[in-house]
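Asker: Sharing a structure with you now.
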Amino acid sequence: MPRSQPPALTLMVQGTASDAGKTTLVAGLCRVFARRGLRVAPFKPQNMALNSAVTQDGGEIGRAQALQAVACGVPAHSDFNPVLLKPQSDTSAQVVVQGRALSVVEAKDFFGPGARHYKQKVMTAVLDSFERLRAGYQRVLVEGAGSPAEINLRDNDIANMGFAEAADCPVILVADIDKGGVFAQLYGTLMLLSEAERARVKGLVINRFRGDIRLLESGLTMIEELTNKPVLGVVPYLDNLVLDAEDAIVRHASAGGDERPLNVLAVVTPRISNHTDLDALRLHPRVQLTLVHAGSKPAQCPPADLVILPGSKAVRDDLATLLANGWKPWLDRHLRFGGKLIGICGGYQMLGERIDDPLGLESAAGSSAGLGYLPMTTRLEAGKQLRNVTGTLHLEGESCAVHGYEIHCGRSEAQAAHRAPFTLIGEGDSPRPDGMICADNQILGTYLHGLFDGVEACNQLLAWAGLNHSRQAVALETEREASLNRLADTLEQHLDLYLLEQLMQPTTQQGNDHEQP
């Protein structure tokens, strides 16, 4: 019998804080190794995010791991992110294990002192997924969560050092110099680790550096002496990378160019989800995108040609926030003066007449009156709809191809005749209508995430919203590919990749001399 391949070499990237650059560094390293012809997989044991993606095997993972899968050149799989926590309130979250939503838990039950039994069960799933990846790939690049120095969460940890020790995975630590205090970040994080955890950290990376590297060199020498850890490199600040956000909302908007832009206002609700739907609009040269929090008073908002209600993980609660802050009269006035309105997924459900949640899947069981703009009712059901889809957009007598994905619990039923703007088909499905457009052609709702990502679909939707004589939509997938290659080029130039690969070798094969022969 042919000898099976050895298990994949692994490396875990942990950070001194959230947004230190873990996701980006892992994505860049995935592309570096993939370009060398290696079979590479990303892995994040536990992720907390409301931006998610549908996998090839019909599961759900964090958006960041879907991006990293693109960097590897492989289809997204639920093993890449075996535990996904999707917050539904300040103290509770839906728990998705190996792609499937299992339950809603309170934070005290997942992170508190009584969580040991629950975490042990979840860790079994995490290690099962990890071992499958080690058996099927040549490199597995692991991303931590937050910081390993969150000492209040050390017990039962599965996201950082708890996983690294269970999987015997070497760790590098990345810190963001752009925020300041980078040496304190690195030294302080290491000092809060146990002796065994510190020994597991094999190297340091400084991220987002601007300026003259010579001014940093004495500090690099000192931090290596203080920590007895090599600095693997200093990664420069990279502007304008087009990469999917793990969870944080990107606030910048496109300038609009010399011609009058289309003014688009997106309402940011407390539990907004999959706001990556807005990424193509941020990049469009003739779109002025403004993000406004639902807790703001809408009277202070700038005029808009198009308003977007994005997805939500707690639709009835987010709808209550809109109504409490006076958004219904403002939207009425927006429509009365000819503005357009798009609701996506949870935002689509809000546009209807009623939302029923009899099982209390997202909040307290009950029903809420919707905004009443579309003749439909929605019922939240335990079986989550997860599918990647392609299809056709029909607007203004024209049609074009679309692609995207669906992630939702609700089933919406029309209460009157209506037009469906989309025909969608998933793997193994028959073509079916999706969404609704109102009789006066001003309001459109859909369950389709990623509706702006295709160039033709984005052009057609923005033309419907009032952007005339423009075919300037940005090819988001092309921009993402260019950004991943630019990121990989930068890491190849500024990281000691030879030493990094040596650190990935099994402990018995690591010597004390890491210099390249």
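The values are calculated or read from the model by the stated rules, or taken from the named source; none is laboratory data. A quick note: this is a predicted structure, and the numbers were derived from the prediction, not measured. Please note: Cβ atoms are built from the backbone with ideal geometry, for glycine as well, and neighbour counts cover all protein chains shown. Heads up: the accessible areas ignore ligands, DNA and RNA and are worked out on the full protein's heavy atoms, side chains in. Shrake-Rupley method; radii C 1.70, N 1.55, O 1.52, S 1.80 Å.
Asker: For the stretch 57-81, give me the residue count where each residue is in a loop (DSSP other than H, G, I, E, B) and free of Cβ contacts under 8 Å to residues at least 60 places away in the same chain.
Answerer: Keep residues of the stretch 57-81 that are in a loop (DSSP other than H, G, I, E, B), which gives 57-59, 73-77, 81.
Subset that is free of Cβ contacts under 8 Å to residues at least 60 places away in the same chain: 57, 73-77, 81.
Going through the stretch 57-81 one residue at a time, the tally reaches 7.
Asker: If I filter the stretch 379-405 down to residues being in a strand (DSSP E or B), small (G, A, S) and open to solvent by 60 Å² or more (accessible area, probe 1.4 Å), which single residue comes out as nearest to V95 (Cα to Cα)?
Answerer: Going through the qualifying residues, I end up with A382.
Asker: Any idea how many residues of the stretch 486-517 are more than 17 Å from A8 (Cα to Cα), surrounded by 14 or more Cβ atoms within 10 Å (Cβ to Cβ) and either modelled with pLDDT under 95 or of a type in the set (S, T, N, Q) (or both)?
Answerer: 2
Asker: How many of the residues making up the stretch 424-452 are among the aliphatic types (A, V, I, L, M), surrounded by 15 or more Cβ atoms within 10 Å (Cβ to Cβ) and assigned to a loop (DSSP other than H, G, I, E, B)?
Answerer: Looking only at that region, the number is 2.
Asker: When L335 is evaluated against the numbered criteria (1) out of contact with any Asp or Glu (no Cβ under 9 Å at 6 or more places or on another chain); (2) closer than 16 Å to C301 by Cα; (3) among the aliphatic types (A, V, I, L, M), which criterion, by number, is the only one it fails?
Answerer: Every condition holds for L335 apart from (1).
Asker: Name every residue in the stretch 187-201 that is part of a helix (DSSP H, G or I) and either small (G, A, S) or closer than 18 Å to G211 by Cβ (or both), in order of residue number.
Answerer: G188, A196, A199
Asker: Can you find a residue that is farther than 17 Å from F209 by Cα and part of a strand (DSSP E or B) anywhere in the stretch 15-30?
Answerer: Looking for residues that are farther than 17 Å from F209 by Cα and part of a strand (DSSP E or B), one finds none in the stretch 15-30, hence no.
Asker: Can you pull out every residue in the stretch 328-366 that is more than 14 Å from S412 (Cα to Cα) and among the hydroxyl-bearing types (S, T, Y)?
Answerer: Matches in the stretch 328-366: S363 only.
Asker: Across the stretch 340-378, what is the number of residues that are without any contact (Cβ under 8 Å) to a residue 24 or more places away in the chain and assigned to a loop (DSSP other than H, G, I, E, B)?
Answerer: Number of matching residues: 6.
Asker: From the list D317, D305, exactly one residue is modelled with pLDDT of 95 or more, open to solvent by 10 Å² or more (accessible area, probe 1.4 Å) and farther than 18 Å from R260 by Cα. Which is it?
Answerer: D317
Asker: OK, next. May I ask you to list the residues in the stretch 406-423 that are assigned to a strand (DSSP E or B) and either surrounded by fewer than 19 Cβ atoms within 10 Å (Cβ to Cβ) or of a type in the set (F, W, Y) (or both)?
Answerer: Within the stretch 406-423, R411, E413, A414, R419, F422, T423 meet the criteria.
Asker: Which count do you get for residues in the stretch 265-316 that are within 27 Å of E477 (Cβ to Cβ), outside any loop (DSSP other than H, G, I, E, B) and more than 22 Å from the chain's Cα centre (by Cα)?
Answerer: 4
Asker: Answer yes if at least one residue in the stretch 141-160 is under 19 Å from Q505 (Cβ atoms) and part of a strand (DSSP E or B), and no otherwise.
Answerer: Yes.
Asker: Taking the condition modelled with pLDDT under 95, of a type in the set (S, T, Y) and in contact with a strand residue (DSSP E or B) (Cβ under 9 Å, 6 or more places away or on another chain), does Y118 pass? Spell out how you get there, then give the answer.
Answerer: Values: modelled with pLDDT under 95: yes; of a type in the set (S, T, Y): yes; in contact with a strand residue (DSSP E or B) (Cβ under 9 Å, 6 or more places away or on another chain): yes.
Yes: the conditions hold for Y118.
Asker: For the stretch 171-184, how many residues are outside any strand (DSSP E or B) and under 25 Å from the mean Cα position of the chain (by Cα)?
Answerer: Matching residues across the stretch 171-184 total 3.
Asker: Taking the condition of being modelled with pLDDT under 90 and of a type in the set (K, R), how many residues in the stretch 121-153 meet it?
Answerer: 1
Asker: Also: I'd like the full set of residues that are within 15 Å of Y373 (Cβ to Cβ) and either among the hydrophobic types (A, V, I, L, M, F, W, C) or not in a helix (DSSP H, G or I) (or both), limited to the stretch 317-335.
Answerer: L319, L322, L323, W327, W330, L331, L335
Let's see how each residue does on (1) at pLDDT 95 or above; (2) over 18 Å from L50 (Cα atoms); (3) open to solvent by less than 20 Å² (accessible area, probe 1.4 Å):
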| site | (1), (2), (3) |
| --- | --- |
| G257 | no, yes, no |
| N263 | yes, yes, no |
| A266 | yes, no, yes |
| T269 | yes, no, yes |
| I272 | yes, no, yes |
| D277 | yes, no, yes |
| L283 | no, yes, no |
| L289 | yes, yes, yes |
| S296 | no, yes, no |
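Asker: From the list A175, A280, A245, exactly one residue is under 30 Å from Y447 (Cβ atoms) and touching a Leu at 6+ places or on another chain (Cβ under 7 Å). Which is it?
Answerer: A280
Asker: Moving to a separate point now. For H284, indicate whether it is in contact with a helix residue (DSSP H, G or I) (Cβ under 8 Å, 6 or more places away or on another chain) and either touching a residue at least 40 places away in the same chain (Cβ under 8 Å) or more than 23 Å from T378 (Cβ to Cβ) (or both).
Answerer: Judged against the criteria, H284 is a match.
Asker: Is it fair to say F43 is surrounded by 21 or more Cβ atoms within 10 Å (Cβ to Cβ), among the aromatic types (F, W, Y) and in contact with a Lys or Arg (Cβ under 8 Å, 6 or more places away or on another chain)?
Answerer: no
Asker: Do we have E165 as open to solvent by 40 Å² or more (accessible area, probe 1.4 Å) and free of Cβ contacts under 8 Å to residues at least 24 places away in the same chain here?
Answerer: no
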